[in-house]
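Structure first, commentary second.
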Amino acid sequence: AHPERAPLHRAAGSRRLYVGLALGALVLAVGLGGRRVADWFRGPPPQVRSLAVLPLENRSGDSSLGEAMTEALITDLGRIGALRVTSLSGVMPYQASTLPDTQIARELGVDAVLQGSAARSGDHLRLDLRLISAASGHRLWARRFDERFGNRSSLGDAVSRSLVSSLRLSVTPSEQRQVRTAPTTNAEAYDYFLRGKIHSLRNNRRDDSIATDLFEHAVALDPNFAAAYAELAYAYGQRTFLFEPRDTAALEKGLVAVEKALQLDPDLAEAHFARAFLLWSPSSRFPHELAIREFRRAI
């Protein structure tokens, strides 16, 4: 026996143990498909069936870019029936908020919040996005999206597809088609559309007039832009319902616009919503059953 060799044997045994543990961790990491071991020990990600898109941080000189892209993401994600998405008016009070994401999520009653930034450099647009769990505060998903600024209408679709896959959401064939199809290929028309939606949501006479003009520009540039016709109809509906109840010309223009939207896309929820809004008006004597039918179709 050689007692002096015992420490060497113990050292060798320790090295074998460490190597074995390292190999085991490597095998585990490969088996997890690249997920971090810490993520594995936390268990499967929580189920997300509702989320809020927090106002994106604007990292460029275009002051309206962050708000416009926030609305675009809300609109595109809102087309997924398995996901409840908070409206732009619901999240705007949290713009530049210093509250923790988990507290904002609890106040909005959602499972997660989508946060991030938008940056434009010349003809290049970048979105950096993160999905944060309301329950744990952990990051559930994160991605960077780069696109030519002229093709920004496809960014919302790309985000939707990535989130649907990551969250394993169930989508119908109709929803899949909507996610894959950009609302327009005309970049200038899309810009007018997004700016119009922001003004329309402010619910005052001046902004409604601005929104109407912007939507009119959008459909003039792209006569096949169904969503812009639907928003134009709704803007005219706001004018007649809230500000100018005797403006029958505006009501007629709204009805023409909504019919054009439905000719282009009979399943467009916003168009059925706008039709219900136009129907349920003082000049139409509030036909409840017709309006309810359209609201139900929109839902």
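Every number in this text was worked out from the coordinates using simple rules, so none of it is lab data. Just so we're clear, the structure is a prediction, and the values are computed from it rather than from any experiment. Here Cβ is always computed from backbone atoms with ideal geometry, including for glycine, and neighbour counts include all displayed protein chains.
Listed values, structure above:
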item	result
Shape category assigned to the range 87-200 from the gyration tensor of Cα positions, a/c cut at 1.5	prolate
Low-density loop positions, trypsin sites (Lys or Arg not before Pro), the range 142-250 - DSSP coil, at most 16 other Cβ in 10 Å	R168, R202, R246
Length gained when the stretch L99-A298 is fully extended (0.36 nm per residue, less Cα-Cα span)	68.2 nm
Local electrostatic count at T240 - Lys and Arg +1, Asp and Glu -1, tallied over other residues with Cβ under 11 Å	-1
Nearest-0.05 FRET efficiency for T248 and E289, computed from C-beta distance (R0 25 Å)	0.65
Rg(Cα) / (2.2 N^0.38 Å) computed for the range 215-264, rounded to two decimals	1.08
Extension gain, R144 back to R49 (0.36 nm per residue minus Cα-Cα distance, nm)	32.0 nm
Burial ranking of peptide ranges 225-234, 103-112 (average Cβ count within 10 Å, highest at the top)	225-234, 103-112
Two-site label geometry, S60 and R177: point separation in nm, points 7 Å out along Cα→Cβ	3.2
Cβ-based net charge around A276, under 12 Å, with every Lys or Arg adding one and every Asp or Glu removing one	+1
Cα pair count fraction exceeding 20 Å, expressed as % - the range 77-154	41
S165 paired with D123, simple spin-label distance in nm, labels 7 Å along Cα-to-beta-carbon	2.7
